[in-house]
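Trainee: Before I ask anything, let me first share the structure, which is written out below as structure tokens.
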Protein chains: 2
Amino acid sequence: MEISKIGEFGLIERLTKDINVQQSSTLKGVGDDCAVLSYPDTRVLTTTDMLMEGVHFDLTYTDLRNLGYKSAMVNISDIFAMNGTPRQLLVSFALSKRFTVEDLEMLYEGIRAACQKWNVDIVGGDTTSSLTGLAISITCIGDAHEEDIVYRNGAHDTDLICVSGDLGASYMGLQLLEREKSVYYQQVNELNKRIKEAKADGTYDAKLETFRQESTALKDFQSDFAGKEYLLQRQLKAEARGDIIERLREAGIRPTAMMDISDGLSSELHHICKQSGVGCRIFEKNLPIDYQTAVMAEEMNMNVTTCALNGGEDYELIFTVPIGDHEKIKNMEDVHLIGHITRAELGMMLVSRDNQDFELKAQGWNHMNSN
Amino acid sequence: MEISKIGEFGLIERLTKDINVQQSSTLKGVGDDCAVLSYPDTRVLTTTDMLMEGVHFDLTYTDLRNLGYKSAMVNISDIFAMNGTPRQLLVSFALSKRFTVEDLEMLYEGIRAACQKWNVDIVGGDTTSSLTGLAISITCIGDAHEEDIVYRNGAHDTDLICVSGDLGASYMGLQLLEREKSVYYQQVNELNKRIKEAKADGTYDAKLETFRQESTALKDFQSDFAGKEYLLQRQLKAEARGDIIERLREAGIRPTAMMDISDGLSSELHHICKQSGVGCRIFEKNLPIDYQTAVMAEEMNMNVTTCALNGGEDYELIFTVPIGDHEKIKNMEDVHLIGHITRAELGMMLVSRDNQDFELKAQGWNHMNSN
């Protein structure tokens, strides 16, 4: 259905009709000039992200449901990264005419699924049109007690550096998708070339049926992603690590500094060290890397450590804890000790597998530069 | 300067370096995963808007400073429309390669100017790239005491309907700008046609100097907007009516329902009547219309009442007050009584100058439909 058939108000009504408020802090959600929220005795956390078609996502290989899910999750992840609890979400999107009401419902379904996972309420937003493509802007609001909030600037000398999950898989997933996309377009181009030649040499009519079959086959192009599902899942459907936050709370551990890994481990470590006025020393052999990530890096002739350090979009947590918490943290499920904080003058170092020291470069996943 | 020269982090640093926190509720602004805000004993209000180049603004006649100012003001206006106080702003933008660092500084300067006017803190955002054009997404956060918040659903039979400022001027400003733009392009096209003809008939060299002069004159094309400045100002540089909110508080008046007029008076009245379960009766002769709006409507052969009802982007306040407040409100500066609330079964009526009743249509300023 074309969106113009039901108009902006009709679309908003349709997308938001099933929203049930879950948080006691949500007093009034969608439907007025503002949402009304209540936060007695706590601190409010806010974060926002903007995602543009062609820059942050490519609809040739992301479906709209996964895109919605990921868009919401990356904001929820920022609230967890402050050791807070996500509560409300504001969702804005701008879309060109090629999108239908059903498309938007898919996108919204993904956003809702991410919100439901963490009991987050959608309380407002804006829906408008765009001349080209899809733009998504999401703001997430959460809360935390003052004493629980973890900033980037609290890391101290001798603190342990921990990372949840594994690194580099999302980046390898993106490489895989882009490779498949280029294979696909190569096949399309080759077919077009052969059709052109056949038209030129008069054999087109004779070959028509073959061309038709090949063209249909290309439309149904399905890549063989067997054995690489984890990489795709990591790229297409991020998960915020609220489970790690819960685990830390249960264990009575309050990190001294924390961030979520969106730009890449190396870039985030630079933020923490710079803001905390410290250095760090991390060990290559301790970087958590999934088997599929390693295989794919090998296949693509890429250095897997570089991918883990600079790939980005992992949405895992990097945090530091006092060395006194070593016993509590060392066996925590899905948490990995990768090194420790040092005095600033020792710099930011990566110790390689063969025990050599390398300076850690802050090569972030920079959308401003890469486009 | 090209943005790639300083990168995303450099750009953010440059844009946010002069931000001084003004609100005691802003505990931590830009620079971490989230901003940290504190709202003891009050309610938090949030609103968000997305503005797309070519849909919501046209950079051929809006400068970036005014655009930034307006983008922030329309969100601030939503907080006032709930009878709240704006406190913090989150600013995201996506921009294509044609924008420079200086452009972004202009845009940000406008946003900052709007924030400074109402002591609002910029506490976060996102800066990223876009394949085409500029996209701006702004979220504003404010607060209010529970008992002060004014929703859309509180209007009662016999309440008076009030509007601040005047209506339709912003819409006429837009018409004026679009007319001038089309005059400009018409002149450009005519010159190009004459150059083409001169090349064809061999007179090009002889006419070259004339063409050069005309081309230079076109580059310096300045419209004569004398006597129409107010219309342009209303279109290009919206102002949120926090002064009216203050005036109402001082007079001890709490509106029963309130909205800001973004889609047009008629559309907003429909929201209020639908959500409050009432009807309304407004009087054409009472609609506040500026002299320049009336002159311009005449010049363009448009019905000025239609412009005032459906033009949109006025960012004035429409609110209802109990009839007992009549004495207090009737002489309030820049506030106009335009009619009263009725029982729902009487419908939504406009009484014309010659005392005829017309049904009020909800013809909003619908970006979804109009594009």
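The values are calculated or read from the model by the stated rules, or taken from the named source; none is laboratory data. This structure is a prediction, so every number in the text was calculated from the model and none was measured. Neighbour counts are summed over all protein chains in view; Cβ atoms, including those assigned to glycine, are modelled from backbone coordinates with ideal geometry.
Trainee: Kindly provide the set of residues from region A:24-57 that are within 22 Å of B:CYS273 (Cα to Cα) and more than 8 Å from every other protein chain (Cβ to nearest Cβ), ordered by number.
Mentor: Within region A:24-57, A:GLY29, A:VAL30 qualify.
Trainee: Take the conditions without any contact (Cβ under 8 Å) to a residue 24 or more places away in the chain and farther than 28 Å from A:GLU298 by Cα and apply them to A:ALA226. Does it pass?
Mentor: no
Trainee: What number of residues within region A:142-187 satisfy the criterion of being of a type in the set (A, V, I, L, M, F, W, C) and either at pLDDT below 95 or assigned to a loop (DSSP other than H, G, I, E, B) (or both)?
Mentor: 9
Trainee: Does A:ILE161 satisfy the criteria of being surrounded by 15 or more Cβ atoms within 10 Å (Cβ to Cβ) and more than 14 Å from every other protein chain (Cβ to nearest Cβ)?
Mentor: yes
Trainee: For the condition buried (at least 23 other Cβ atoms within 10 Å of the Cβ), more than 16 Å from the chain's Cα centre (by Cα) and either at pLDDT below 90 or in a loop (DSSP other than H, G, I, E, B) (or both), what is the one hit in B:LEU90, B:LEU27, B:LEU37, B:LEU11?
Mentor: On inspection, the qualifying residue turns out to be B:LEU37.
Trainee: Looking only at residues in region B:219-260 that are touching a Gly at 6+ places or on another chain (Cβ under 6 Å) and within 27 Å of B:HIS56 (Cβ to Cβ), which one is surrounded by the most Cβ atoms within 10 Å (Cβ to Cβ)?
Mentor: Checking each candidate, the answer is B:ARG234.
Trainee: I'd like the full set of residues that are more than 7 Å from chain B (Cβ to nearest Cβ), touching a residue at least 12 places away in the same chain (Cβ under 8 Å) and touching a strand residue (DSSP E or B) at 6+ places or on another chain (Cβ under 9 Å), limited to region A:9-23.
Mentor: Residues satisfying the conditions are A:ILE12, A:LEU15, A:THR16, A:ILE19, A:VAL21, A:GLN22, A:GLN23.
Trainee: All but one of (1) on the phi > 0 side of the Ramachandran plot; (2) at the interface with another protein chain (Cβ under 7 Å from one of its Cβ atoms); (3) in a loop (DSSP other than H, G, I, E, B) hold for B:LEU131; state the number of the condition that does not hold.
Mentor: The failed condition is (1).
Trainee: Still on this structure: Among the candidates B:MET73, B:MET50, single out the residue that is farther than 30 Å from A:GLU268 by Cα and crowded, with 22+ Cβ neighbours inside 10 Å.
Mentor: That would be B:MET73, the only listed residue that is farther than 30 Å from A:GLU268 by Cα and crowded, with 22+ Cβ neighbours inside 10 Å.
Trainee: OK, next. Would you confirm whether or not region A:134-155 contains a residue that is loosely packed, with under 15 Cβ neighbours inside 10 Å, under 30 Å from A:ILE253 (Cα atoms) and among the charged types (D, E, K, R)?
Mentor: Taking every residue of region A:134-155 in turn, at least one turns out to be loosely packed, with under 15 Cβ neighbours inside 10 Å, under 30 Å from A:ILE253 (Cα atoms) and among the charged types (D, E, K, R).
Trainee: Of (1) under 17 Å from A:LEU350 (Cα atoms); (2) in a helix (DSSP H, G or I), A:ILE282 satisfies all except one. Which?
Mentor: So the condition that A:ILE282 fails would be (2).
Trainee: Does A:ASP78 satisfy the criteria of being facing chain B (nearest Cβ under 8 Å) and in a helix (DSSP H, G or I)?
Mentor: Criteria met by A:ASP78.
Trainee: Quick one: which of A:GLN175, A:GLN233, A:GLN213 is more than 14 Å from chain B (Cβ to nearest Cβ) and within 25 Å of A:PHE80 (Cβ to Cβ)?
Mentor: Every option except A:GLN233 fails the conditions.
Trainee: Looking at (1) over 21 Å from A:LEU37 (Cβ atoms); (2) within 12 Å of chain A (Cβ to nearest Cβ), which is the only condition B:SER92 fails?
Mentor: (1)
Trainee: Would you be able to tell me the number of residues in region A:298-317 that are under 24 Å from A:ASP243 (Cα atoms), in a helix (DSSP H, G or I) and out of contact with any Ser or Thr (no Cβ under 6 Å at 6 or more places or on another chain)?
Mentor: 1
Trainee: Still on this structure, I have one more. I'd like to know if region B:261-271 contains one or more residues that are touching a strand residue (DSSP E or B) at 6+ places or on another chain (Cβ under 8 Å), within 14 Å of chain A (Cβ to nearest Cβ), surrounded by fewer than 23 Cβ atoms within 10 Å (Cβ to Cβ) and not in a loop (DSSP other than H, G, I, E, B).
Mentor: Yes, there is a match, as at least one residue in region B:261-271 is touching a strand residue (DSSP E or B) at 6+ places or on another chain (Cβ under 8 Å), within 14 Å of chain A (Cβ to nearest Cβ), surrounded by fewer than 23 Cβ atoms within 10 Å (Cβ to Cβ) and not in a loop (DSSP other than H, G, I, E, B).
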